[in-house]
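The following block contains the structure, expressed as structure tokens.
The values are calculated or read from the model by the stated rules, or taken from the named source; none is laboratory data. Nothing here was measured: the structure is a model prediction, and the numbers come from that model. Here the Cβ is made from the backbone with ideal geometry for all residues, glycine too, and neighbour counts use every protein chain on show. For accessibility, only protein heavy atoms count, side chains too; no ligands or nucleic acids. Shrake-Rupley method; radii C 1.70, N 1.55, O 1.52, S 1.80 Å.
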Amino acid sequence: MGWIDTLKQWFNITEPEETPEERQKAEELRNEFKERYHNFKVLLAANQKSLEGMAEIEHALVGNKPFPITFIRSKCTDVAVNVLRMIRNLELLAPEKYDMLSPVFFQIRKSVDDILMEKRPLIPRDIVVPLQLPKSQENKLKNGNSYDQDSLALKLPSDLVGSKMASLAEIGRCCNVNIPLGFVITSYAYDLFVHAGEEGVQTEIDRLVQTTDHDDMEAMHLLSGKIRQMIIQAKIPDAVKKEIETAWDKIESEHNIMDKSPLRVALRSSALGEDSMKSSFAGQYHSELNVSRESLFEAYKTVVASKYTLHAMMYRINKGFRDEDLPMAVGCVQMVDAVVGGVMYSGNPVDKSDNSIFINSVFGLPKAVVDGALPSDLFVVSRNGLKIIRQEIVVKEKKFVCYPEEGVFRTEVAEDQRNIASISSDQVIELAKIALRLEEHFGSTQDIEWAVDNVGNLLILQSRPLQQNSSNDQQDDFTGYGNSDETISIEDRLSPEQKRYIEKNLISREGISASPGTASGEAFVALKHVDILRFPVCSVLIIRQALPEWASVVARASAIVSEQGSAASHLASVAREFRVPAIFGVKGITSAVTQGEQITVNADITAVWRGKSFENGECLENIIDTINTDDHNVNDGRQNFDKWIDNSGCSLK
């Protein structure tokens, strides 16, 4: 018994018993307090979560790491949910006092959604558009009638057919240059396809993309497979099929006039944003070659589905494009059964100061050059008098050719052709003239894909703005796409200590510079495509072939070294876009380095060596400064991952 109870007994103090009404009221007060306390805790938790969401958005905006629009959408949704939860709990804590908050909240939410969820309007337009002019208009031009080359009648709208096909049509219509017969399955046809049915596949695609963590490469890989399978299984609307079949009939009738063999076509991606000045999307989407009429619609769906390959999605994310802003138009052009083909640049891709014309060529289809799968001949033409100032003839053991029925395959080059030039000097000069013509027409240096058919006709398959990187004043010391056959002498640029360190740790001094600059990091040897999923940020990517699929990790890499490939390949173009140093053609590099060891790649002098610092503490950046006198040449464009670099210890100058 406590002392209070003792006092109560002494003074005969008794407490009155609670009535049932009083007990009920007390219980109600306790329950109300518990409920209000719970509401208050929920309000505080929602406030904390909304602040965290806003902080994440702010951190993303002021940081250098790229993020997709889905990140902003999901974070804004999180913030909105928690702010609404705060409002609802405030209303419970103080009824009628905060009634004005809800209308204001929903007004703000609508304004935000109008911006974030903005969709392209589905305005009825042409489902199919021909590449060539109507015969009546074409005859007028052939008869010498004057016309305005800037006339809209001669150009196709890029928002309908994509920049790639718009440029190809313009070349044929305005530049007096041969292009294949063909038509474009437009972006409006794409919209009809992905929105067909009650909801269409686009609704589910949007949901899947928004709920996937784009930093999780394995999750992105699974997402890619799921979306592509959905597209392949989707049904093309009958209206779209009918227009495509009509367009096929038209070009088939023209084809049969000149060629009695069955018509085969190439289906080439032409998404909006592709082949633009700052974003080439080089090799990110798929092309289907040598397609018959029977396989046309399945091939179309395959090209559309390639919008969601892992490397295409990562490219869009790293470039900051919204998925819904880039519908996929598809070019359907007559297949050129090329005897020889390749890629040419109207300027030096790794040196803006060099205006020479660079022509890469192989026997067979140009696919071997753009995929970086096979070595190619190189011809460098001076603009002064259009003279060949340099040529490199490689051994060409393989080539890609068309199957008689459908598809393409790799086969042997005849023994007597392997060591000879794939094109003649006259063809080199003819190509150079076309490169200059296209550069003048489009007003910028051009990246051009070309082919010569089995009767000797030269056709242009694609032309887009060339992505060029600046370099230092010593550019003529480059290998590969430099102005001289001589390579730089490291000994002339280094102190005795530096020279001994480099000589001791040198791995390779061969290959070509596909993208200039210098960087160091841990070597990551990727022998299988699945290795993409475990690629560490800021590592040096070591591969056997410079295939476009590796583009998904380019923005995360500090440098790239490949055993095969050329500076004209798609992967080289993407590396230059992201300013990632790259050396291609380094034989045996996958076995010459150890997984995880620290290496340095100097693409300007095509050198790879072990380590990033001297044993005496002198930083490797001193070597880099000695070799490269111009700071902007030493991977200055890799700002997207500066913070990751600082945290990971990856050495970039």
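What number of residues within region 196-209 satisfy the criterion of being assigned to a loop (DSSP other than H, G, I, E, B) and open to solvent by less than 30 Å² (accessible area, probe 1.4 Å)?
Going through region 196-209 one residue at a time, the tally reaches 1.
Taking the stated definitions as given, is F193 under 17 Å from A239 (Cβ atoms), open to solvent by less than 10 Å² (accessible area, probe 1.4 Å) and outside any helix (DSSP H, G or I)?
Answer is no for this residue.
A quick yes/no check of all residues on (1) assigned to a loop (DSSP other than H, G, I, E, B); (2) closer than 20 Å to F400 by Cα; (3) free of Cβ contacts under 8 Å to residues at least 60 places away in the same chain:
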{"site": "I251", "(1), (2), (3)": "no, no, no"}
{"site": "E254", "(1), (2), (3)": "no, no, no"}
{"site": "I257", "(1), (2), (3)": "no, no, yes"}
{"site": "A282", "(1), (2), (3)": "yes, yes, no"}
{"site": "E288", "(1), (2), (3)": "no, yes, yes"}
{"site": "A305", "(1), (2), (3)": "no, no, no"}
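Right, something else. Of all the residues that make up region 379-396, how many are without any contact (Cβ under 8 Å) to a residue 24 or more places away in the chain and either surrounded by 14 or more Cβ atoms within 10 Å (Cβ to Cβ) or in contact with a Cys (Cβ under 7 Å, 6 or more places away or on another chain) (or both)?
Within region 379-396, residues that are without any contact (Cβ under 8 Å) to a residue 24 or more places away in the chain and either surrounded by 14 or more Cβ atoms within 10 Å (Cβ to Cβ) or in contact with a Cys (Cβ under 7 Å, 6 or more places away or on another chain) (or both) number 2.
Conditions (1) open to solvent by less than 90 Å² (accessible area, probe 1.4 Å); (2) among the small types (G, A, S); (3) under 28 Å from the mean Cα position of the chain (by Cα); (4) modelled with pLDDT under 90, marked per residue:
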{"residue": "A80", "(1), (2), (3), (4)": "yes, yes, no, yes"}
{"residue": "E96", "(1), (2), (3), (4)": "no, no, no, yes"}
{"residue": "F106", "(1), (2), (3), (4)": "no, no, no, yes"}
{"residue": "S136", "(1), (2), (3), (4)": "yes, yes, no, yes"}
{"residue": "L168", "(1), (2), (3), (4)": "yes, no, yes, no"}
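Can you work out which of the residues in region 321-331 that are surrounded by fewer than 24 Cβ atoms within 10 Å (Cβ to Cβ) and either in contact with a helix residue (DSSP H, G or I) (Cβ under 8 Å, 6 or more places away or on another chain) or aliphatic (A, V, I, L, M) (or both) is nearest to V370 (Cα to Cα)?
Among them, the one singled out is L326.
Another question, then. Can you find a residue that is surrounded by fewer than 23 Cβ atoms within 10 Å (Cβ to Cβ), in contact with an Asp or Glu (Cβ under 6 Å, 6 or more places away or on another chain) and not in a helix (DSSP H, G or I) anywhere in region 268-277?
No, region 268-277 has no match at all.
OK, next. For residues that are in contact with a Phe, Trp or Tyr (Cβ under 7 Å, 6 or more places away or on another chain) and of a type in the set (K, R), scanning just region 377-408, find the one that is farthest from L365 (Cα to Cα).
For region 377-408, the residue satisfying everything is K396.
Would it be correct to say that I542 is more than 24 Å from K307 (Cβ to Cβ), open to solvent by 10 Å² or more (accessible area, probe 1.4 Å), at pLDDT 85 or above and part of a strand (DSSP E or B)?
No, not satisfied.
For I244, only one of the following conditions fails: (1) under 26 Å from the mean Cα position of the chain (by Cα); (2) in contact (Cβ under 8 Å) with a residue 60 or more places away in the chain. What is its number?
With (1) under 26 Å from the mean Cα position of the chain (by Cα); (2) in contact (Cβ under 8 Å) with a residue 60 or more places away in the chain applied to I244, the lone miss is (1).
Then there is this: Kindly check whether there is at least one residue in region 117-131 that is in a helix (DSSP H, G or I), modelled with pLDDT under 80 and open to solvent by 70 Å² or more (accessible area, probe 1.4 Å).
Scanning region 117-131 turns up no residue that is in a helix (DSSP H, G or I), modelled with pLDDT under 80 and open to solvent by 70 Å² or more (accessible area, probe 1.4 Å).
Quick one: in region 332-353, which of the residues that are out of contact with any strand residue (DSSP E or B) (no Cβ under 9 Å at 6 or more places or on another chain) and among the charged types (D, E, K, R) is surrounded by the most Cβ atoms within 10 Å (Cβ to Cβ)?
D351
With P134, P130, P95 as the choices, which residue is within 28 Å of P180 (Cα to Cα), without any contact (Cβ under 8 Å) to a residue 60 or more places away in the chain and not acidic (D, E)?
P134
Within region 567-592, work out how many residues are open to solvent by less than 10 Å² (accessible area, probe 1.4 Å) and assigned to a loop (DSSP other than H, G, I, E, B).
Looking only at that region, the number is 6.
Would it be correct to say that V42 is open to solvent by less than 80 Å² (accessible area, probe 1.4 Å), under 53 Å from the mean Cα position of the chain (by Cα), within 21 Å of H214 (Cβ to Cβ) and modelled with pLDDT of 85 or more?
no
Give the number of residues within region 539-571 that are within 19 Å of E597 (Cβ to Cβ) and within 18 Å of the chain's Cα centre (by Cα).
7
Of all residues in region 358-384, count the ones that are more than 16 Å from L431 (Cβ to Cβ) and more than 29 Å from the chain's Cα centre (by Cα).
Result for region 358-384: 1.
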